[in-house]
Amino acid sequence: MQNFLNSKTGKTSYFIIGFAVVLTIVFLVVNNSKLTASLKAPKIVFKENVHDFGKVPRGPELQYNFRFTNKGNSNLNIERVQTSCGCTGATVGEKSDYAKNESGEIKVNFSTQGREGHQEKTIIVYSNDPQNPQVVLTVKCDVDPNMDY
């Protein structure tokens, strides 16, 4: 055994085994730190991502509030909201920071004035949730110009 340890093959074998152990340790440390970071991160969870108003008359402004909760372990910050069309408005309730298990809402307004047929508009919510930094919400309806307003 002593001869093997002193041989070139023995030294190479120990080097390879040692290198593999070091790589394994580095891999575990990196993955553990990612896991720890994700456990401490905010997590935005919406009750629903799509709302269908159904069949509506032309003219009124439709309103809907998308409810969300911070299911993460650190503060969630809603950085901004962006709509796909000028006929759609969206705002973050009364504040933009939410503690663990705190809920809030994205208030959406959609104007049916001048519209006809199937309508589908998107709202992008930007937050500090590292797993889901952009959430797409959708409002849709069928505008019937012949319906009474």
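Quick notes on this structure:
- Between amide H atoms placed 1.01 Å from N, distances below 5 Å from A41 occur with N73, all of them 5 or more places distant or on a separate chain.
- Whole-Hz ³J(HN,Hα) from phi, Karplus 6.51 cos²θ - 1.76 cosθ + 1.60, for segment 102-109, glycine and proline x: 7, 10, x, 8, 9, 8, 10, 10
- Packing, as the average of other Cβ atoms within 10 Å across residues, places the peptides 58-64, 120-126 in the order 120-126, 58-64, highest first.
- A Förster radius of 41 Å, combined with the Cβ-Cβ distance separating H51 from S74, puts the computed FRET efficiency at roughly 0.90.
Bear in mind that the values in this text are calculations on the coordinates, not laboratory data. These numbers come from a predicted model, not from an experiment. Glycine gets a Cβ as well: all are built from the backbone with ideal geometry, and neighbour counts include every protein chain shown.
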